[in-house]
Amino acid sequence: MKAWPRELSVGLALAALLAAMAFLAPGFFAPQPLLSLAAREAPTLLVACGAALVILCRQIDISSGSQFAVVSVAAGLLAAAGWPPAAVAGAALALGAALGALNGLLVAGLGLPSIVVTLATMVTWREGLRWWRQGAFVNLPDNLQWLGLGQAAGQWTLIATALGLLALLALATRHLAAGRHLYAVGSDAEAARLAGIRPGAVTFGAFTVAGALTGLAALLNVIQSPQVDPKSGTGLELKAIAAVVVGGVAIAGGRGRLTGVLLGLLLLATVAPALTHLRIEAHWEKAIQGAIILLAVAAERARGRPPG
């Protein structure tokens, strides 16, 4: 078996948690709270998919939370200025892609370490936004919230959009040449180069697509609220990377499936509401999530399986 053992183990852990909740706290499965949770996590799923693409080619991006905040504020200001929702969506995607492309240019074009580049852009975007907005929220027009569909329909639209893009990306990474190039570069960049693949172009593309996904995620987050918080996205990059690692994508690159990212995110996102229903103090959430991440990394190292 190739990648299924990790995905299966994460799925079984999630199933065990849900089974325990069904026995200990059946109220956990109330439809509306679960729908709201899924809608809130839909943007995180897109950011995690972008993080997975970058990690697959043996890079890292810790600036996605700051990109998310910048695009959120920009989209909010454009909507407040009277731009139609479709134009706001296009601008959010373009800005996200541009921010990702900048990271890609510095990493692939100049050969700088991705951890250094994205740390620098993370701080630059976050501090620049803080200086610019001074903590001021952006008030949004009514036509942007839930895209005018109403809350229930809007939530389902967000969930369907995130899952649809996940499915497309999962198929692309497994069956398109561009997707297979990610695995080749992540496994051995020099061997990939000798095979006619351009590692720099693959890396640049991964960062750019990740930025576009972050831009779309920011838009999906913006439409859920009447205001935009300039501090939005704080810690999002860590949550996304955690979902990727727990879902079975090797942090060293070249291995993993995007479908596992969904399972990893579901497992991590279920912890907080589960603790609430079990009347356990919320500060245990981070400790439990940290333990899950450590177990996932340890399992990956112990398994040492070949690329899947």
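The values are calculated or read from the model by the stated rules, or taken from the named source; none is laboratory data. Note that the structure is predicted; figures quoted are calculated from it, not measured. All Cβ positions, glycine included, derive from the backbone under ideal geometry; neighbour counts span all protein chains shown.
In region 55-86, the residue that is surrounded by the most Cβ atoms within 10 Å (Cβ to Cβ) out of those that are closer than 18 Å to Leu238 by Cβ and β-branched (Val, Ile, Thr) is Ile55.
Taking each residue of region 83-104 that is farther than 22 Å from Leu53 by Cα and looking for partners that are part of a loop (DSSP other than H, G, I, E, B) and modelled with pLDDT under 95 with beta-carbon atoms closer than 6 Å, six or more apart or interchain, yields Pro85/Leu144. For region 230-278, a residue qualifies if it is under 29 Å from Asp142 (Cα atoms), surrounded by fewer than 19 Cβ atoms within 10 Å (Cβ to Cβ) and not polar (S, T, N, Q), and the qualifying residues are Lys231, Gly235. Counting only helices (runs of 4 or more DSSP H) that sit wholly inside region 234-304, those with at least 2 residues that are among the basic types (Lys, Arg) are 284-303.
Being assigned to a helix (DSSP H, G or I) and surrounded by 15 or more Cβ atoms within 10 Å (Cβ to Cβ): is that true of Ala52 here? Yes: the conditions hold for Ala52. Filter region 272-306 down to the residues that are hydrophobic (A, V, I, L, M, F, W, C) and at pLDDT below 80 and list them by number. Once the filter is applied, which keeps residues that are hydrophobic (A, V, I, L, M, F, W, C) and at pLDDT below 80, region 272-306 yields Ala282, Ala296, Val297, Ala298, Ala299, Ala302.
In region 183-200, the residue that is surrounded by the fewest Cβ atoms within 10 Å (Cβ to Cβ) out of those that are assigned to a helix (DSSP H, G or I) and among the charged types (D, E, K, R) is Glu190.
Hey, can you tell me all the residues within region 252-302 that are over 21 Å from the mean Cα position of the chain (by Cα) and in contact (Cβ under 8 Å) with a residue 24 or more places away in the chain? Matches in region 252-302: Ala274, His277, Leu278, Ala299.
Residue count for region 1-16 satisfying the condition of being crowded, with 16+ Cβ neighbours inside 10 Å and assigned to a helix (DSSP H, G or I): 7. Residues in region 232-266 that are closer than 18 Å to Leu95 by Cβ and charged (D, E, K, R): Glu237 only.
Where helices (runs of 4 or more DSSP H) fall wholly inside region 68-182, the ranges with 1 or more residues that are among the β-branched types (Val, Ile, Thr) and over 22 Å from Pro226 (Cα atoms) are 114-133, 151-175. Can you tell which of Arg174, Arg180, Arg133 is surrounded by 12 or more Cβ atoms within 10 Å (Cβ to Cβ), charged (D, E, K, R) and under 20 Å from the mean Cα position of the chain (by Cα)? Exactly one of Arg174, Arg180, Arg133 is surrounded by 12 or more Cβ atoms within 10 Å (Cβ to Cβ), charged (D, E, K, R) and under 20 Å from the mean Cα position of the chain (by Cα), namely Arg174.
Counting only residues that are within 19 Å of Thr214 (Cα to Cα) and either free of Cβ contacts under 8 Å to residues at least 60 places away in the same chain or charged (D, E, K, R) (or both), region 164-178 holds 4 of them.
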